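Here's the structure, in structure tokens; my notes come after.
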Amino acid sequence: MNLISHPRIMIVLSFAGFIISCSNKADLAKEEKLIRSILQTERKAHFDRNADLFVSLFADSMISVNKGKVTVKSREENKKRFGSYFGSVEFIKWDDTADPIIRFSDDGTLAYAIVQKLVIVTYPDTLGKPIMIPRSLLDSCLP
């Protein structure tokens with residue numbers, strides 16, 4: 001008798017496969033909490049003007065799409081870029097204007113977050129007098 005063709009064996013194997021696949025699912029509540037923690041670390045990095053901390057959250061290389069142009073920058077290039085930026089501004093606000101939207105793929109292996117922020121920075125003008133710049137930010141990231 002071929003065991004695979006026996007109906008009871010097939011039911012048990014199917015049920016076992018179902019149980020195993022369910023037990024491998026990500027704990028989405030735990031993962032969402034981790035993503036929210038990453039977003040708070042990003043905020044801290046901005047206020048502390050800490051490019052090392054900010055870039056530590058990036059992948060080894062980051063693909064950016066801005067104004068129709070696609071660029072790929074290494075972690076070191078991003079560290080230099082944000083170090084320069086953080087050194088030239090002071091953050092007054094970097095606050096959510098809405099709760100982040102966090103979504104997961106069906107299998108829980110991929111997530112994204114969309115944030116809406118009010119960002120207010122000051123930077124010195126040519127005479128060293130601070131200029132305040134408010135701006136709204138709508139951004140998305142794949143943690």
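Values as computed for the structure displayed
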{"item": "Residue-by-residue Karplus 3J(HN,Hα) for the stretch 68-83, coefficients 6.51, -1.76, 1.60, Hz, glycine and proline x", "result": "x, 10, 9, 10, 10, 10, 6, 4, 5, 5, 5, 4, 5, 4, 6, x"}
{"item": "Amide N of the stretch 49-73 lying under 16 Å from the label point, which is placed 7 angstrom from the Cα of Arg135 along Cα→Cβ", "result": "65-69"}
{"item": "Two-site label geometry, Glu31 and Leu57: point separation in nm, points 7 Å out along Cα→Cβ", "result": "1.9 nm"}
{"item": "Estimated dipole of the stretch 33-114 in Debye, rounded to 20 [Cβ of Lys and Arg +1, of Asp and Glu -1, Cα centre]", "result": "260 debye"}
{"item": "Inter-probe distance in nm under a simple model that places probes 7 Å from Cα toward Cβ, at Tyr112 and Phe47", "result": "2.9 nm"}
{"item": "Computed FRET value (nearest 0.05) for Ser105 with Val70, which takes r as the C-beta separation and R₀ as 25 Å", "result": "0.65"}
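Any read-out appearing in this document is the output of simple, stated calculations on the displayed coordinates, not a laboratory observation. The model shown is predicted, which means the values in this text are computed figures rather than measured ones. When we count neighbours, we look across all protein chains shown, and the Cβ atoms used for this are built from the backbone with ideal geometry, even at glycine.
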